[in-house]
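Some notes on the structure that comes next.
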Amino acid sequence: MIIDTHIHLFDPKYREDLEEIIRKAQENGVVKMVVVGFDEESSRAAIELSRRFDFLYAAVGLHPEEVMNNQDGELNWLKDMAPDPKVVAIGEIGLDYYWDKTYQREQMDYFQKQLAIAANFNLPVLVHSREASADTFETLKKHLVPGVLHCYSGSLEMAKEYVKLGYYLGIGGVVTFKNSKEIKRVVTDIPLEHLLSETDGPYLAPSPHRGKLNKPEYLPLVIAAISELKGIDPKIVEKLLFENAMNLFNI
């Protein structure tokens, strides 16, 4: 059994074939999925989807690239959504300095606010970090909340530091890419007890589907890549990653 711990299943790219995509995911062993919002509208969409299908769960939050579009400085909409019984995490939250460094201060402000909301509602966090490794780590160290570094793209050295804090690392399709040397080092070295499986769909489809629409039915390819790097039977990898997700999200 596999849990997709991070997918944007409300994305328009999935809309026309949603039922078929879900059916094929289940046929390929993906029995649960966490549908992840990135702002108020998408977070509501994540909750709505999770109510339609009992094996779907929702994560709600404000992505760092969306902070300039948020009109609610106190994030009251997020506080209202957090107690929903289908909400299992606050996310996707974090820091992203890759495209634009203009709003670094605002990103940090909302990141800290959302970590506080997660702590208040006893929910884990799904953390996005891009070109902001040092700030992300220092912030999480000061505001420690259980969670996962989604679609982990940092160094092995930093991965070890996150693991010391108790964080999981989200592993997706990138681990199957030929040129993804650092994430392969991370997966090889970090114990399975600290890894989670994810698609980040509709993005980052694994090889041989790279560049196409990512689907949860492809997650066995990620499991197989982790298995090969670790030299551990895929069924054992699958079982441990499943247990990790169940424990983190309390489902």
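Overview of values
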| read-out | value |
| --- | --- |
| Among the candidates Leu95, Leu49, Leu75, residue that is over 26 Å from Asp135 (Cα atoms), of a type outside the set (D, E, K, R) and in contact (Cβ under 8 Å) with a residue 40 or more places away in the chain | Leu49 |
| Residue ID - surrounded by the fewest Cβ atoms within 10 Å (Cβ to Cβ), chosen from residues in region 215-237 that are in contact (Cβ under 8 Å) with a residue 60 or more places away in the chain and in contact with a Leu (Cβ under 9 Å, 6 or more places away or on another chain) | Ile223 |
| Any strands (runs of 3 or more DSSP E) falling wholly within region 89-175 and containing at least 2 residues that are over 25 Å from Ile47 (Cβ atoms) | 168-171 |
| Output for region 30-43, where each listed residue is surrounded by fewer than 18 Cβ atoms within 10 Å (Cβ to Cβ) and of a type outside the set (Val, Ile, Thr) | Glu41 |
| Test: residue in region 198-207 that is touching a residue at least 60 places away in the same chain (Cβ under 8 Å), in contact with a Pro (Cβ under 6 Å, 6 or more places away or on another chain) and in a loop (DSSP other than H, G, I, E, B) | yes |
| Options Glu131, Glu106, Glu138; residue that is touching a helix residue (DSSP H, G or I) at 6+ places or on another chain (Cβ under 6 Å) and charged (D, E, K, R) | Glu106 |
| Residue count for region 1-48, restricted to those that are in contact with a His (Cβ under 6 Å, 6 or more places away or on another chain) and either at pLDDT below 95 or not β-branched (Val, Ile, Thr) (or both) | 2 |
| Candidate set: region 49-78, residues that are surrounded by 14 or more Cβ atoms within 10 Å (Cβ to Cβ), part of a helix (DSSP H, G or I) and over 18 Å from the mean Cα position of the chain (by Cα); chosen: the one modelled with the highest pLDDT | Trp77 |
| Among (1) farther than 15 Å from Arg130 by Cα; (2) buried (at least 16 other Cβ atoms within 10 Å of the Cβ) - the single one Glu106 does not satisfy | (2) |
| Residue that is hydrophobic (A, V, I, L, M, F, W, C), modelled with pLDDT of 95 or more and farther than 19 Å from Glu92 by Cα, where the choices are Phe249, Phe242 | Phe242 |
| Any hit, region 2-10, residues being over 13 Å from Lys215 (Cβ atoms) and in a helix (DSSP H, G or I) | no |
| From the options Lys113, Lys101, residue that is farther than 20 Å from Gly201 by Cα, at pLDDT below 95, of a type in the set (Lys, Arg) and surrounded by fewer than 24 Cβ atoms within 10 Å (Cβ to Cβ) | Lys101 |
| Condition check for Tyr14: crowded, with 18+ Cβ neighbours inside 10 Å, in a strand (DSSP E or B), touching a strand residue (DSSP E or B) at 6+ places or on another chain (Cβ under 8 Å) and touching a residue at least 60 places away in the same chain (Cβ under 8 Å) | no |
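The values are calculated or read from the model by the stated rules, or taken from the named source; none is laboratory data. Note that the structure is predicted; figures quoted are calculated from it, not measured. Cβ: placed from backbone, ideal geometry, glycine included. Neighbour counts: every protein chain shown.
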